[in-house]
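Reviewing the structure listed below.
No lab work stands behind these numbers, since they all come straight from the coordinates. This one's a predicted model, so the numbers in the text were calculated from it and none came from an experiment. Here the Cβ positions follow ideal geometry from the backbone for every residue, glycine too, while neighbour counts run over all protein chains shown.
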Amino acid sequence: MNHNTSGKANDRTNSKAEDKRDVQQGTLALMILKTLESMGPLHGYGIARRIEQTSDNLLSLNYGTLYPALLKLEQEGCIASEWGVSDNNRKAKYYKLTRAGRKQLQRETREWEQTAAIVARFLSPEGENS
Amino acid sequence: MKSLRALLVRLAGLFNKGKRDRDLAAELESHLQMHIEENVRRGMTPAEARRQALIKLGGVEQAKEQYRARRGLPALETLAQDIRYGLRMLRKSPGFTAVAILTLALGIGANTAIFSLIDRVMLRPIPVRDANQLVIFQWKAHKGFLNGEYSAFNDCGERGVGTTGCSFPLPIVSKMHALTDMFSSVIACAGPADLDLSGNGPPSIVQGEIVSADYFSTLGVGAALGRTLGPSDESFSADPVVVLSYGYWQSAFGGSHSVLGHTILLNNVPFTIVGVADRSFTNLSPGKRQDLWLTIAMMPRLKISWGSNIGSMENWWLLMMARLKPGVSLEQAQTAASLTFRNEVLYGTKPYAKATVDPKVVLTRVGDVLIGRRGALSTILSLLAASVGIILLIACATVAGLLLSRAATRQKEMAVRLTLGASHGTIVRQLLTESVLLSFLGGVLGIAFAYWGVHAITVLIAGGSSQGFPYVIAPDWRILAFTLGICVVTGIVFGLAPAFRSTRVDLTPALKESASTLPGSGRRAGRFRLGSALVIAQVALSVVVLIGAGLLVRTLENLRSIRPGFDVNNILLFEINPGRLGYRGAQVRNLFSELRDRLAALPGVKSVSYSSDALLSGGEWDETVHVEGQPAEPGVQMNLLAAGPGFFENMHIPLVEGRTFNGTDFEQAPQDDAAAEKSAKQNPLPLAAGLGVDAAKPGAPVNVLVNEAFVRQYFPNQNPLGKRMVEGGSSSKATGEAWGADMKSQHWQIVGVVADTKYDTLRHEIQPVVYLPFTSSYGGYFELRTTADPRALISAVRDVARKVDDKLPLTSVTTQTQEIDELMSQERLVAKLSGFFGVLALVLACIGLYGLLSYEVSRRTREIGIRMAIGAQQRDVLRLVVGEGIVLAIAGAAVGIGVALGVTRYLASMLYGVHANDPVTMIAVAVLLVLVALVACYIPARRAMRTDPMVALRYE
């Protein structure tokens, strides 16, 4: 679904660095949850990199905003964290999805798809005629 | 749910900050290292790798700040910070803080105290199940509807008997019972009656409410112990039983469970205690004291004075209520009830009235009508609520004025904060936090004041009346919530204007100059104008409160100076009711004359008399009387009093014409024993107290006396002696044949005229009164004229009574002056409290005036110094400062008098002998206020006078 969003962005812009898009309000949490679902437990830097890679480097993510978002998700009980050791033997805080987080992801995915479908209908003239 | 969880976690985030900060630093550090390593792998130099990583993160400290904002609750943290800062600022100026807190505490405390009284007395619902289904019956009719007996117990707050009322006769209650498609049940009650109780310690008087048997089941009131009254107690032959109120059970029986089955004597009749009512159910009419309940069927045995002929259409004595059937509207029920009422009253087996009086019934939900003692108290409480409301406003204005003065000294601080980037909102929030903080501190102290105040007021109310204060006031969450609300509102009200003003600072001059610049800038003038307006408002409001207090105090003085028409000094009063103990006719009269002889023999007693009622006891006895030469219909309501031998001489009421009663008059008067025996055949009760209306010697006139007011009204410029009148109906065919024949021939003949006296209360104008020879078969009052303090004789009098009959309780033992004091208890209470609040308002207004002027003096120190340096005398300085204050005080007084002229008319019903816009009171208050203001101005003015010009000029 992330691909879907960024794919749309791709239609309209060339992948020049200065045209990178900011993360839309409210979508960052969804991206974090989806990333953790597909990748399993991951540290903050890993999540940030993964989000950028998934968007084909089209999204410009301010890493500093990632941590408050992680904290919010943790306060809401969607993710849990614990200290662990990274691949190159560095101490890092790992985040993982909780059961509540999985449910939240499903719900938000569904809502986002609906919203996207509705917006798509409005934007495509053919859809309007049919 | 999710956000609640987050909130809790964030609350927890306010604590243990150190560890969390270290955690975050470690996480960000590991993030940076990973990023740097990757950048290096991509071929950057280590320095460039680090720079890029930091750029991407958006700065470590910024990231941390964002993170922290999310971690805790920033609003809460700012609030805590504001409070800490506020407390520090308050500590820095303890004088200002103390005055402000004290002022607010007085305002808030007074309001809390009065609110807790109002809440208890006026806002509590009636303690029954589904009170909104419960309706009460009221009758309405044209004048002249009532004849016969009528008893009201002040449940509906009715005043006198006229064209509306809540009392009904028993036959009407039975008819309403038949309306089963409208009402699921109809109940009746009356009282409480004073009952002599013995069988549980020494004899005492208890308040017994007479109720129908389904009273408790209809109201939905259960028993705390045993059972309540039920259908088995309904019949006249039922075993006499009583149900105790919870409070009485606790106080008289110590809450003992063994009371069930215990027998007590009520008016010498044995009653079995079968239960105790629910604790929450104290009474139906708020504030009425009820110790026990018994059924209407017990009335014949109890021999209560107003309980004769209880089954008759002629005796209206029952309060009637009903529970509406589900689905029946109030209007439907009212139409049906009104029709039934009209039919029975106009066309029943014994028609009671003529159709011209247009009788009807109005149904109202009980909560709106049953006011009981609330009626008397609500006037006082509304008045007090208005006074304390104004006092709170004055307190707000005072503190706002103080804050305003202080704002000037904090101008520099505000300017610094604004320069450093604080937003106006931040500063207003900080200042409002400070003012709400002040009002909360005031509120805490205020609750202490309120606690003390409530106690003082209830003692005042209880002390002035024999009934005591029937409510228990205890602090509860409603009152705390009220105080909390009032603190917040107060804090915002007095803080808002000064707070906004503080942010309107012109930065550059404020930073450069000190607070004591020379006057003349527009800003200063503006601030002063607001301060002056506040002082004028305070003075005006306090003038309003003071004028109200002045009028009420003068009312009390006027009442005190009324001459009642007889000598009230050195009279001991008491009441006996031998009728309740089974005394009959001649026995009662013998008892009275024996007691009179024995009491007269006591040392210290000058003379003794007795009568049906004591003068100025608040009680009255009215009958319809037809006076010779007046139209036969509808007759006049006449105040009556039955006087024993020597009554007028004993009370020092001068004889104007003719003679007073002699022995023959008493013998010639109808004797009650005949009546008692006759009525005993249909009903075991003798007729009501006073004279017997049934004639023993038909044809012989009863010799009576009248007062001068009677002569003025009915026989002006004629000789009243020998004139006649007839009591009850000359048209008494409507009221029953048994009386009619006797009544015709039983007329009264005037043999003497005595001077006017006040009859029931001091306030009422003197009305025509007829004095009858005392031939009671029931009870009456004794009056003992003593040589010294009558109270010293009380125990001797009790001894005498005990020797005559040891079962006979003396009730209402008091002196005539105490009796009169009790009549004025409400006026005295109101005068005291409003006087107290008036002084409070005055003090607060003076604090405000003083505060403003001393601030003015301190900020104009330099100006005054210059004035003195160039030749101004101390006198001129004094005039400068005092003049400013006096102008404000006079302006305030003028505004206050204007407001008072508009609002004092709401007091009119409480006043006596003084007009609501009494100019003397208004001018006196204004003069008092200006004098006190002069003192308040003098203190700062003296400080200004003593200004040393050299010191003042070097003062910067």
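Please give the per residue volume of the convex hull enclosing the alpha carbon atoms of segment B:303-427, rounded to a whole number of Å³. Display every interim value, and only then the final one.
Details: hull volume 33.8 nm³, N = 125.
In segment B:303-427, the Cα hull volume divided by residue count equals 270 Å³.
Please report, in whole Å, how far the alpha carbons of segment B:1-65 spread along each principal axis, starting with the longest.
Cα spread of segment B:1-65 along its principal axes, largest to smallest: 48, 25, 17 Å.
How big is segment B:1-115 along each principal axis, measuring the range of its Cα positions in Å and listing the largest first?
For segment B:1-115, the Cα spread along each principal axis is 80, 39, 20 Å.
What percentage of all Cα-Cα pairs in segment B:69-130 are separated by more than 13 Å?
On the way: 1442 of 1891 pairs.
Summing the P(r) tail past 13 Å for segment B:69-130 gives 76 percent.
Helix B:60-71 versus the longest principal axis of chain B: what angle, 0 to 90°, nearest 10, using Cα atoms?
That works out to roughly 10 degrees.
Determine Rg/Rh for segment B:192-287; Rg is computed over alpha-carbon atoms and Rh is the Kirkwood hydrodynamic estimate from the same atoms.
Working: Rg = 12.7 Å, Rh = 13.7 Å.
Here the Rg-to-Rh quotient is 0.92.
Trypsin sites (Lys or Arg not before Pro), restricted to segment B:15-57: which are DSSP loop and have at most 12 other Cβ atoms within 10 Å? Write down the numbers at each step before the final one.
Values: sites: B:K17, B:K19, B:R20, B:R22, B:R41, B:R42, B:R50, B:R51, B:K56; in loops: B:R42.
Here the sparse-neighbourhood loop sites are B:R42.
Using alpha carbons only, what's the Rg to Rh ratio of segment A:35-107 with Rh from Kirkwood?
Details: Rg = 12.3 Å, Rh = 12.8 Å.
Rg divided by Rh gives 0.96.
B:H177: net charge of surrounding residues, Cβ under 13 Å, Lys/Arg +1, Asp/Glu -1, itself excluded? Before the final figure, lay out the partial values.
Details: positive: B:K175, B:R323; negative: B:D181, B:D214, B:E234, B:E344.
Overall, the nearby charge balance is -2.
Measure out, as a whole number of angstrom, how far apart the alpha-carbon centroids of segment B:311-365 and segment B:193-243 sit.
Between the Cα centres of segment B:311-365 and segment B:193-243 lies a distance of 27 Å.
Which whole number gives the average, over all residues in A:58-68, of C-beta atoms from other chains lying within 10 Å of the residue C-beta? Don't skip to the answer; put the middle values down first.
Numbers: counts 0, 0, 1, 1, 8, 11, 15, 6, 6, 10, 9.
For peptide A:58-68, the averaged partner shielding equals 6.
In a shell of Cβ-Cβ distance under 14 Å around B:L57, excluding B:L57 itself, what net charge do Lys and Arg (+1) and Asp and Glu (-1) give? If you can, show how the numbers build up before the last one.
Working: positive: A:R49, B:R50, B:R51, B:K56, B:K64; negative: A:E52, B:E27, B:E29, B:E38, B:E61, B:E65.
Counting the neighbours of B:L57, the net charge comes to -1.
Using alpha carbons only, how many degrees (0 to 90, rounded to 10) separate the axis of helix B:46-57 from the longest principal axis of chain B?
30
Which loop-located chymotrypsin sites (Phe, Trp or Tyr not before Pro) does segment B:233-296 contain, where loop means any DSSP state but H, G, I, E or B and the Cβ has at most 15 other Cβ atoms within 10 Å? Mind dumping the intermediate values first?
Numbers: sites: B:F236, B:Y246, B:Y248, B:W249, B:F253, B:F271, B:F281, B:W293; in loops: B:F236, B:F281.
Filter output for segment B:233-296: B:F236.
Residues with beta-carbon under 14 Å from that of B:V881, excluding B:V881: net charge, scoring Lys, Arg +1 and Asp, Glu -1?
On the way: positive: B:R859, B:R860, B:R867, B:R875, B:R879, B:R942, B:R943, B:R946; negative: B:E856, B:E863, B:D876, B:E884.
Once positives and negatives cancel, what remains is +4.
Can you compute the helix-only [θ] at 222 nm over the protein assembly as shown? Use -39500 (n - 2.57) per DSSP H run of at least 4 residues, normalise by all residues, nearest 500 deg cm²/dmol. Walk me through the intermediate numbers first.
Working: 37 runs with 570 residues, N = 1086.
Using -39500 (n - 2.57) per qualifying helix, the result is -17500 deg cm²/dmol.
Note down the Stokes-Einstein diffusion coefficient of the protein assembly as shown in µm²/s, whole number, using a Kirkwood radius over alpha carbon pairs, 37 °C, and 0.692 mPa s. Please report the intermediate quantities before stating the final value.
Working: Rh = 37.2 Å.
After rounding, the answer is 88 µm²/s.
Find the percent of Cα-Cα distances in chain B that exceed 38 Å, and round it to a whole number. Provide the component values of the computation, followed by the final result.
Working: 277814 of 456490 pairs.
In whole percent, the long-distance tail amounts to 61.
Return the unpartnered cysteines for chain B, using a Cβ-Cβ cut-off of under 4.7 Å.
Flagged as lacking a Cys partner: B:C189, B:C396, B:C487, B:C846, B:C937.
For peptide B:18-26, how many partner chain Cβ atoms fall within 10 Å of a residue's Cβ, on average?
Numbers: counts 0, 0, 0, 0, 0, 3, 3, 0, 4.
That average works out to 1.
Taking segment B:82-179, which trypsin sites (Lys or Arg not before Pro) meet the DSSP loop condition and have no more than 11 other C-beta atoms within 10 Å? Write out the running numbers ahead of the final one.
On the way: sites: B:R84, B:R88, B:R91, B:K92, B:R120, B:R129, B:K140, B:K143, B:R159, B:K175; in loops: B:R129, B:K143, B:R159.
The qualifying sites are B:K143, B:R159.
Within 10 Å, count the other beta carbons around each residue, average over each peptide in B:779-790, B:347-358, and list them highest first. Walk me through the numbers on the way to the answer.
Numbers: B:779-790: 20.0, B:347-358: 13.8.
The peptides rank, most packed first, as B:779-790, B:347-358.
Please work out whether segment B:552-679 counts as rounded, prolate or oblate from its C-alpha gyration tensor, where a ≥ b ≥ c are the square roots of the eigenvalues and a/c under 1.5 means rounded, while otherwise a/b larger than b/c means prolate and anything else oblate? Before the final figure, lay out each step's value.
On the way: a/c = 1.67, a/b = 1.10, b/c = 1.52.
Cα axes put segment B:552-679 in the oblate bin.
Hey, what do the phi angles of segment B:754-769 turn into as Karplus ³J(HN,Hα) couplings, whole Hz, using 6.51/-1.76/1.60 and θ = phi - 60°, x for Gly and Pro?
Working through the residues one at a time gives 10, 5, 5, 9, 5, 9, 9, 9, 6, 5, 5, 5, 5, 10, x, 10 Hz.
Where does each of A:119-125, B:837-843 land if you order them by average Cβ count within 10 Å, highest first? All intermediate terms of the calculation are to be shown ahead of the outcome.
Values: A:119-125: 10.1, B:837-843: 22.4.
Highest mean packing first, the order is B:837-843, A:119-125.
For the Cα atoms of chain B, what angle does the longest principal axis make with the long axis of helix B:94-122, in degrees from 0 to 90, nearest 10?
Helix B:94-122 and the main axis of chain B meet at about 30 degrees.
Over 30 Å between Cα atoms: which of A:K91/B:K56; B:K303/B:K832; B:K56/B:K412 fall into that group? List each step's numbers first, then the result.
Values: A:K91/B:K56 21 Å; B:K303/B:K832 42 Å; B:K56/B:K412 42 Å.
Checking Cα-Cα distances, B:K303/B:K832; B:K56/B:K412 exceed 30 Å.
Normalise the Debye intensity by I(0) for segment B:914-956, one equal point scatterer per Cα, no solvent, then take log10 at q = 0.19, 0.23, 0.33 Å⁻¹ and round to two decimals.
Each listed q corresponds, in turn, to -0.68, -0.79, -1.01.
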